[in-house]
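Participant: Just dropping this structure here.
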Amino acid sequence: MRTISVAALRQNPTEALDAAEHGETLAVTRYRREIARLTPAPRRTPVSGIDVMRIYRLAPLADTTWEQEVTHDRAMDAGRDLWA
């Protein structure tokens with residue numbers, strides 16, 4: 001693990017942030033004593049289409065009773081002018 005002083009971090013934060021972006025962890029020191037660590041952000045893992053379909057099938061929206069309710073309501077309103 002590489003170390004970087006607070007002063008060096010203040011003068012050139014881009015270099016330290018680039019190192020962290022590429023997976024390196026840096027120890028930040030003040031008076032040669034470690035006070036913090038600059039670590040890379042966790043990487044997001046992409047979601048596959050199979051996972052999306054599995055989640056969709058488990059979701060409450062997979063229930064088709066709402067479709068039956070809409071069809072029923074439309075049948076009740078058939079022939080009526082809803083804007084009148």
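Participant: Taking strands (runs of 3 or more DSSP E) that do not extend beyond the chain, which have at least 1 residues that are of a type in the set (Ser, Thr, Tyr) and surrounded by 10 or more Cβ atoms within 10 Å (Cβ to Cβ)?
Facilitator: 2-5, 26-30
Participant: Return yes or no: is Ile35 closer than 28 Å to Ser5 by Cβ and β-branched (Val, Ile, Thr)?
Facilitator: Against the criterion (closer than 28 Å to Ser5 by Cβ and β-branched (Val, Ile, Thr)), Ile35 qualifies.
Participant: Need the failing condition index for Val28 against (1) out of contact with any Ser or Thr (no Cβ under 7 Å at 6 or more places or on another chain); (2) more than 13 Å from Arg2 (Cβ to Cβ); (3) among the hydrophobic types (A, V, I, L, M, F, W, C), just the number.
Facilitator: Only one criterion is unmet by Val28, namely (2).
Participant: Restricting attention to region 35-84, and to residues there that are in contact (Cβ under 8 Å) with a residue 12 or more places away in the chain and in contact with a strand residue (DSSP E or B) (Cβ under 9 Å, 6 or more places away or on another chain), which single residue is farthest from Glu21 (Cα to Cα)?
Facilitator: Filtering region 35-84 for residues that are in contact (Cβ under 8 Å) with a residue 12 or more places away in the chain and in contact with a strand residue (DSSP E or B) (Cβ under 9 Å, 6 or more places away or on another chain), the one farthest from Glu21 (Cα to Cα) comes out as Ile35.
Bear in mind that the values in this text are calculations on the coordinates, not laboratory data. Quick caveat: nothing in here was measured; it's all calculated off a predicted structure. Positions of Cβ are backbone-derived with ideal geometry, glycine not excepted, and every protein chain shown enters the neighbour counts.
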